[in-house]
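First up is the structure itself, then whatever we jot down about it.
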Amino acid sequence: TPPPSLTASFLAPIKARPSMVLLFYLLLAAVCLSYPTTHFTENTDSSFSVSYDSLSGTALRAYEAKYGESKMNIIAILTVPAGEDVRTSSDARAFAADLDSWSKNFTEAKCGVSSESTTYYDSADVGLSFVANQFVSPDNRSTFIYTAYDCSITVDYGVKFRDYADDHVPPGVSVGVTGIELFQIDTLAGIEIDLSKMDKTVLPLALLTLSFVLGSLPIMIIPIINILLTIVISFAVMYPVALCMQVVSFTPSVMMSLTVAMSVDYSLFLLSRCLDDVAAGADHSTSIHNMIEHAGHTIIASGTTLCICFLGMVFFPLDMLRSVGIGATVSILVALGVNLTMTPAMLVKAPWLLRPGKIMSMFCCAEEGTARGAGSDLKRRRKEGRSEDEGKTDAQLYNLIDSESMYKSGWYKVCRVLLQPKYGVPIFLAVVGLMMPVCVRFMDLEISVSFDLLLPATSPSLLAFDQMGEDFGFGTLSPYKLMFDGTATESAVAGSVTSNAFEAMHAAINELSGLPATPTLSSFSGIAALGGVNVTYAEYEAAIICGKDCGHNVENPTPEEELLFEAARSMATLAEQLNSADGFATYATVVLNVDPFSAEGTDWLQSARDKLSSLASAGSLGGYDAYLVDGAGVPYDTVNEVYDTFPLLICLTLVTVFVLMGVFFRSVVVPVRSVLSIALTLAFVFGLQVMVYQDGAFEWVGLGCVSKTDYINWLPPVMTFSIVVGLGLDYDVFLISRVLEFRLEGLTADSSVLKGVWKTGGVITCAGIIMAVAFCGLLMSEERVLNQTAFVLVASVLVDTFVVRTVLVPILLGVTGEKSWWPRAIPEGVVDLKDGELQKEEEDATHRLLDAGLGGSMTEKV
């Protein structure tokens with residue numbers, strides 16, 4: 001007796017004890033829901049980690065060595081009605097004091113370190129007019145409270161600060177709160193809301209479409225249970241991961257979306273194959289066996305390759321991307337395990353799902369005891385008792401009905417044309433030729449780290465930020481610190497040798513003041529530049545000698561004297577704040593006239609770094625090290641490192657796809673075709689994204705989701721790459737596996753492609769439409785980052801479904817012919833679906849199709 005096959009060995013315990021399988025998953029779900037699943041999302045965060053070896057990382061370490069750990073900041077903008085002056089408003093003054101008091105009490109209790117606030121009123125009260133005036137808008141209606149704090153993001157200080165401000169603002173005063181932490185919170189909140197809405201829309205729509213394709217409503221219980229189990233188990237698996245490393249807050253939403261997408265695909269592939277065998281007259285056990293043997297192989301090949309693609313994200317130098325890759329891999333592996341075990345277990349336990357009785361058949365659009373399609377047609381014909389059917393077995397009659405359906409289908413007729421080299425090759429060249437001008441544009445991709453593309457248009461932090469920019473300048477929220485450190489050469493900034501430090505600071509500040517975002521000295525505030533002018537060492541020394549109480553003991557000073565006293569007091573106060581305790585470092589605050597995270601802001605950062613490097617090389621900094629701290633430095637450097645790694649990830653992913661596809665199909669030609677088709681899809685959709693969002697190709701549509709933004713947010717390309725590869729590979733494996741199956745059954749090369757495309761074309765199209773409609777929901781989001789992400793996914797699914805898999809792959813299969821599986825040995829094809837009169841009939845149909853024209857509406861014409 002030959003040993004049982006691998007599929008038989010796998011299914012034996014499931015068929016023998018399906019109840020045990022169901023009980024196992026029930027207990028596992030109960031354990032997961034008891035704690036880890038429900039607490040996974042609580043252990044995620046959205047902090048942006050700094051890269052140790054980057055310029056910003058080096059600058060941050062130098063700063064923290066002198067001043068301690070860098071703190072976060074939050075800004076509250078207070079505005080009084082038109083005609084009033086915020087400087088003299090008692091309500092605004094009292095509210096500012098109340099906010100400061102609440103903040104200090106909260107941070108001391110929750111964070112262990114009290115916050116530090118700077119306001120107009122505090123500075124004005126001690127006679128620091130130079131400092132105080134920076135906190136008042138030109139029309140004197142607005143002022144802002146600058147609060148520095150050192151709290152973990154899990155404390156939610158930013159949210160609680162904003163809530164307290166909104167709840168306690170007095171009548172006649174309006175308040176807006178903004179800050180980097182609030183940007184992150186509002187961005188992730190908006191993304192999670194949109195993804196949640198998408199999941200609520202996608203799941204019912206996907207299941208409804210799936211039930212229509214499968215022709216059965218009761219069978220929908222299988223994908224519903226599989227999806228819920230996959231979410232519960234994968235969240236539980238990720239809980240300990242979140243305890244050991246940073247898991248970004250939108251990872252759970254990505255996992256849920258992938259779970260829905262992959263589970264629907266896997267259910268579609270498995271159940272459609274099982275129902276096909278039921279319709280063909282196979283018994284219950286054989287149908288389940290063939291489902292795992294063939295469709296199971298397909299989803300294992302696709303899922304394994306997709307997991308490895310997502311695991312490639314661990315090579316990115318950013319924990320948030322690593323966590324997405326790990327979370328996606330866990331979701332896919334769990335989805336594979338659940339679908340391959342729960343689906344056969346439920347089918348064994350509930351055979352009526354495949355062979356409905358009289359009542360259930362009404363919910364399946366099928367005849368009692370069989371599936372919709374050829375199986376039901378067979379029963380109806382037997383009931384009709386046609387004379388031509390006499391003497392034919394059920395198998396013979398089924399094959400006749402099945403063949404008639406195939407010959408009448410549009411998939412067969414279109415594929416029949418594509419497989420003929422005289423038509424297929426010109427069509428292939430025309431399609432690829434039309435795609436190439438778009439494909440090459442992906443090399444023009446320009447990325448941005450700006451929060452404008454991340455935040456919902458109506459988010460409170462963005463509205464407050466816009467007001468801040470209009471009243472005080474967009475660079476006020478995230479100023480740079482231009483730090484000078486003489487530690488390496490033991491050159492102090494305070495004491496007898498500070499004149500050298502002032503020469504170095506003047507050289508750097510004067511050089512940077514000519515850049516577009518810092519056109520004048522007024523952008524710099526420090527001991528060497530204040531109020532738009534350079535401060536000499538002599539003036540600084542005099543101010544330090546006079547001190548923070550300068551002029552307070554002078555009676556009736558003249559206006560000129562009072563101005564000098566105020567300048568001296570401001571300088572002494574700044575020196576105390578900006579000079580390090582050891583006297584070897586100081587810094588100047590640099591406020592850009594643009595958003596530091598915008599393209600103009602990051603251009604300034606790169607230019608400033610270049611100029612400082614040139615000054616250091618020329619010896620113009622006198623032995624002092626100059627660093628640019630804060631601003632957009634950390635995200636800019638981290639994103640650059642991500643994109644430095646991205647090309648390597650792309651190459652590794654495509655090599656992995658090549659190797660795994662070669663192993664699964666024991667062929668070299670198959671992976672070459674797969675990699676080329678996936679690469680074509682990737683290049684086309686990323687090139688189209690550049691044309692739409694950077695060039696404004698769809699501006700004429702008038703929709704905000706496809707309007708010009710000048711730049712692409714940095715997240716969509718790296719986030720969508722693996723998903724696009726996965727979906728394309730999913731459909732490719734499904735098609736190629738079915739073609740190979742028919743080829744091994746003895747069909748000729750062309751006939752196996754014809755039947756394979758006919759059997760899978762509808763399923764792949766259905767899956768593609770489900771995904772496209774699902775992702776279209778994100779196009780309606782307020783976050784441009786989700787618009788750009790959804791555009792890539794929708795475009796890739798449509799291109800892959802209706803162009804690559806439907807047109808290009810069949811042509812390539814026709815061109816390679818018997819060499820399609822080389823070097824794998826394939827038995828000689830003995831069954832030709834185009835023999836005799838049938839061949840002539842189909843050739844006539846082909847000519848009629850060509851006479852009708854092969855254009856963009858080819859499917860409708862067929």
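The values are calculated or read from the model by the stated rules, or taken from the named source; none is laboratory data. The shown structure was predicted, so the numbers you read here are calculated from the model rather than taken from an experiment. Using ideal geometry, Cβ is built from the backbone for each residue, glycine included, and neighbour counts are taken over all protein chains shown. Remember, those area values only see protein heavy atoms, side chains included, never the ligands or the DNA or RNA. Shrake-Rupley method; radii C 1.70, N 1.55, O 1.52, S 1.80 Å.
Can you tell me the 0 to 90 degree angle between the C-alpha axis of helix 6-16 and the longest principal axis of the chain, rounded to 10? The answer is roughly 90 degrees.
Using a cut-off of 10 Å between beta-carbons, work out the net charge of the residues near T119 (Lys and Arg +1, Asp and Glu -1, T119 not included). Each step should come with its number before you reach the end.
Values: positive: R93; negative: D100, D122, D125.
Net local charge, T119 excluded: -2.
Sparse packing (at most 11 other Cβ atoms within 10 Å of the Cβ) combined with a DSSP loop state is found for the following GluC sites (Glu not before Pro) in the stretch 528-624: E555.
Distance between the pseudo-spin-label points of A65 and V655 (7 Å out from Cα toward the beta carbon): 3.8 nm. Of the beta bridges in the chain, as assigned by DSSP with both residues counted there, near 90 percent are antiparallel.
Convex hull over the Cα atoms of the stretch 652-758, averaged projected area in nm²? Don't jump to the answer; show the numbers that get you there.
Numbers: hull surface 34.3 nm².
It is 8.6 nm².
How much net charge surrounds T487 when only other residues with a Cβ under 10 Å from its Cβ are counted (Lys, Arg +1; Asp, Glu -1)?
On the way: positive: K66; negative: D485, E490, D582, D625.
Here the charged neighbours net out to -3.
Quick check for you: with a 1.4 Å probe and neighbouring chains kept, what is the accessible area per residue of the stretch 33-178, in Å²? Working shown, then result.
On the way: 6760 Å² over 146 residues.
Counting only protein heavy atoms, the per-residue value for the stretch 33-178 is 46 Å².
Taking the longest Cα principal axis of the chain as reference, the axis of helix 749-779 is set at about 30 degrees.
A simple spin-label model places the labels of L429 and S617 5.1 nm from each other, with each point 7 Å out along Cα-to-Cβ.
Between L205 and E562, the modelled label-to-label distance comes to 6.8 nm, taking each label 7 Å out from Cα in the direction of the beta carbon. Compute the separation of the alpha-carbon centres of the stretch 694-714 and the stretch 736-758 and state it in Å as a whole number. If you average the Cα positions of each part, the centres end up 43 Å apart.
The Cβ shell under 14 Å around S267 holds other residues with a net charge of -1, Lys and Arg each +1, Asp and Glu each -1.
The K708 and D139 beta-carbon pair, evaluated with R₀ = 22 Å, returns a calculated FRET efficiency of approximately 0.10.
Stretched out straight at 0.36 nm per residue, the stretch from T520 to E84 would grow longer than its current Cα-Cα span by 153.9 nm. Here percent of Cα pairs over 48 Å apart was computed from the coordinates, and among (i) 50; (ii) 43; (iii) 36 the match is (iii). Go through K66/K104; K15/K819; K15/K413; K71/K548; K197/K755 and tell me which ones have a Cα-Cα distance over 29 Å in this structure. Checking Cα-Cα distances, K15/K819; K15/K413; K197/K755 exceed 29 Å. Here the gap between E600 and V668, fully extended at 0.36 nm per residue and compared with their Cα-Cα distance, gives a gain of 19.7 nm. Positive end of the dipole of the stretch 248-346 (Cβ unit charges, origin at the Cα centre): among L306, M255, I332, the Cα lying farthest that way belongs to M255. Normalised by the number of residues in the chain, the mean separation of alpha-carbon contacts (under 8 Å, six or more apart) gives a relative contact order of 16 percent. Keeping the other protein chains in place, figure out the carbon and sulfur percent of the accessible area of the chain, with a 1.4 Å probe. Exposed carbon and sulfur together represent 61 percent of the surface. When shorter helices are ignored and each DSSP H run of at least 4 residues is given -39500 (n - 2.57), the per-residue value for the chain at 222 nm works out to -20000 deg cm²/dmol.
Note that the stretch 575-712 presents 39 Å² accessible area per residue, ligands and nucleic acids not counted, probe 1.4 Å.
The C-alpha atoms of the chain define a longest principal axis, and helix 537-546 lies at about 70 degrees to it.
The gain in end-to-end length when the T286 to L798 segment is fully stretched comes to 180.8 nm, 0.36 nm per residue minus the alpha carbon separation.
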